[in-house]
1. Just to be sure, is residue A:150 within 27 Å of residue A:241 (Cα to Cα), within 14 Å of chain B (Cβ to nearest Cβ) and either modelled with pLDDT of 85 or more or buried (at least 16 other Cβ atoms within 10 Å of the Cβ) (or both)?
2. Would you check which residues across the stretch A:160-169 are more than 9 Å from every other protein chain (Cβ to nearest Cβ), at pLDDT 90 or above and either out of contact with any helix residue (DSSP H, G or I) (no Cβ under 8 Å at 6 or more places or on another chain) or buried (at least 24 other Cβ atoms within 10 Å of the Cβ) (or both) and list them?
3. State yes or no: is residue B:149 within 14 Å of chain A (Cβ to nearest Cβ), under 22 Å from residue B:271 (Cα atoms), at pLDDT 85 or above and assigned to a helix (DSSP H, G or I)?
4. From (1) farther than 17 Å from residue B:14 by Cβ; (2) surrounded by 22 or more Cβ atoms within 10 Å (Cβ to Cβ); (3) within 13 Å of chain A (Cβ to nearest Cβ), pick out the condition that doesn't hold for residue B:41.
5. Touching a helix residue (DSSP H, G or I) at 6+ places or on another chain (Cβ under 6 Å) and modelled with pLDDT under 90: does that describe residue B:470?
6. Out of the residues in the stretch B:81-106 that are assigned to a helix (DSSP H, G or I) and at the interface with chain A (Cβ under 7 Å from one of its Cβ atoms), state the one that is nearest to residue B:30 (Cα to Cα).
7. Any residue at all in the stretch B:131-138 that's assigned to a helix (DSSP H, G or I), at pLDDT 75 or above and under 29 Å from residue B:341 (Cβ atoms)?
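The values are calculated or read from the model by the stated rules, or taken from the named source; none is laboratory data. The structure displayed is predicted, hence computed values, not measured ones. With ideal geometry, Cβ positions are generated from the backbone for all residues, glycine too; neighbour counts draw on all protein chains shown.
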């Protein structure tokens, strides 16, 4: 049993990580009322920046930082257009995704099919050698733990700190927040840049650890799944974790089903995690009251500032 | 250095909006320890002026001197650091957050979070503004929301407290308690800039007044030395007619609206359940429903308008027709017209034109739609008639609803329903946040409709209004409605006692 379960759980943890990173960033952005649909584009930019940097310098840490920076750079572009110039957030986000895809494909043309240095896996004495728990929990690379740590930190920050309260307040009513003297636009910039950094990290994880190579559109829609997860979780960090693991589990379930020789078309199986996520999304959204209750009221709306 | 000059002096304040000069060289001086009234109709520029003081709006020209220092308030945070607090009329609460969280956000720095709940409870009970810190604002009534705003300001220990219509949702006894609080605050050294349309209140509370009209100063006075009528006339620059008395409705008029044991569980978590409400309204009669905010008024309104179905068809009879199971459209067809409390977003779609808004509620009774197509000319003409008859100040039927001031939009919305000549009209808070001139026009329209034979129900928290309009008065408290009493045998005290009835234990019997 363990020889199936252990690799399965390891894979689920790994598959959930890019989603967790990107969705945590998007969650923070949406909690302050900014809908950034550019996650997919920021992830791809992060992936190629990380891969290229690691490839050229040979240092994976520099690669990770480059991915982070690329995500922030694209998020800054989004913030300037949608927050300062007040363009429509949905359209700007879509454009950002299109831009990120094209830009990463252009830059990445020379890197297709080249191997890159891989993020090292951690090895803790004793813990990593535990049977079952060791490989499942204590032999991943550092980004897997970072994703969980950041999610926990964000959850705590939003629920229990004054900063989190301000974030929620800005997302609930930017006019009221402004009237009370909170700087709405700078707060939103901060949240959007954080979202970009997280998407960039997710991209770096994809190209340096999950599938250590570069291929065009290698994120395969994970940015979109991350955006969907944020809604599916009704903007609550804990449910984000459940959703990411659920997606990861479905993804590997389909591989195992194939390996067991079940006669289902493989295209359908690869679509399963996406379909599954959509189905769950629909089931959850049936409870319109809960979505309405938790949805940041200002989501996607532009802030006019002082009249 | 001891500074004995005025706390705040503003001169030459000018603010130009596109197409509207909101403030034209306005001046205002608030002394220390003074309760200063700012009077004026809606659209007179009071809000713009106080928003300038609070840093929400930046003036184009003018000088503001605060405690002897020339200042230019950059933003609300700056105003708070100077010691200026403001109770807003709209948009300063966070719906999804709790009372305590809302208040924490209003306190600079958030350093005093520890013990905040206790301070909220203490200040709110001390000042007669009961609040549960852990409730989510989303589920609170207008009156309760206003209490949060007041308590939030009081916790900041400001030197100047700006209050925009703070009493519009309080009971008479709560108003008296608030006045005690405000007088004490003034005595303790906090000046108060008090905006209100209730001239009687201003006369009893304020020691000075600045009156504005159309963006300009039109007078300063000591309110106690003027009569209510004189104040109103300076404000609107016209002689106010006395309200015309109405003949008594005849005894044998047949009932046009009947409620039979209406009982509805509120769909909101913290809403009020309606229990066993039975009423009968005759044609030509106006029934006033008094009550403190949050005692089931909005639930009653929803049940009457059909937004929440009332279960058994026989629970509600409109002109004898069982209507309990009907939705709003069918009830309108049966002869009912309704004006909800919230103008923006409930009574009117703010981003649509007046003509489109007229169409939305009147299309079936005025047959504005034929074969599924909008009869644009007829709709335009109908909206035009409302604007003309109700003296709605706007550029025309094509103007967006949100471009109108509160009073003008309310006149339009009441007019829209009255012009449909309904058998039954239900209005929730007909004149909330509306200036004296518009309120008078709305009252006259409602009375004229009743005189023409309609049954009218007024749900209002403003007792003065109910006493002016209603033939009979009932009180809603805790979701139950008391037996209506004729207005001539009722007193403010007897009604006020019923209003407080179910909420607190009444010590006096």
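1. On the way: within 27 Å of residue A:241 (Cα to Cα): yes; within 14 Å of chain B (Cβ to nearest Cβ): no; either modelled with pLDDT of 85 or more or buried (at least 16 other Cβ atoms within 10 Å of the Cβ) (or both): yes.
Considered against the rule, which asks whether it is within 27 Å of residue A:241 (Cα to Cα), within 14 Å of chain B (Cβ to nearest Cβ) and either modelled with pLDDT of 85 or more or buried (at least 16 other Cβ atoms within 10 Å of the Cβ) (or both), residue A:150 comes out as no.
2. Listed by number, the list holds a single entry, A:167.
3. Values: within 14 Å of chain A (Cβ to nearest Cβ): yes; under 22 Å from residue B:271 (Cα atoms): yes; at pLDDT 85 or above: no; assigned to a helix (DSSP H, G or I): yes.
Criteria not met by residue B:149.
4. (3)
5. Numbers: touching a helix residue (DSSP H, G or I) at 6+ places or on another chain (Cβ under 6 Å): yes; modelled with pLDDT under 90: no.
Answer is no for this residue.
6. Within the stretch B:81-106, the first condition is being assigned to a helix (DSSP H, G or I), and the residues that meet it are B:81-82, B:99-106.
Imposing the further condition that a residue be at the interface with chain A (Cβ under 7 Å from one of its Cβ atoms) reduces the set to B:101, B:104-106.
On the way: B:101: 32, B:104: 29, B:105: 28, B:106: 24 Å.
Here the residue is B:106.
7. Here is the first cut: in the stretch B:131-138, the residues assigned to a helix (DSSP H, G or I) are B:137-138.
Of the ones still in play, those that are also at pLDDT 75 or above are B:137-138.
Imposing the further condition that a residue be under 29 Å from residue B:341 (Cβ atoms) reduces the set to B:137-138.
Yes, some residue in the stretch B:131-138 is assigned to a helix (DSSP H, G or I), at pLDDT 75 or above and under 29 Å from residue B:341 (Cβ atoms).
A quick yes/no check of all residues on (1) modelled with pLDDT under 90; (2) under 21 Å from residue B:498 (Cα atoms):
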residue: B:259; (1), (2): no, yes
residue: B:264; (1), (2): yes, no
residue: B:267; (1), (2): yes, no
residue: B:285; (1), (2): no, no
residue: B:301; (1), (2): no, yes
residue: B:306; (1), (2): yes, no
residue: B:309; (1), (2): yes, no
residue: B:341; (1), (2): yes, no
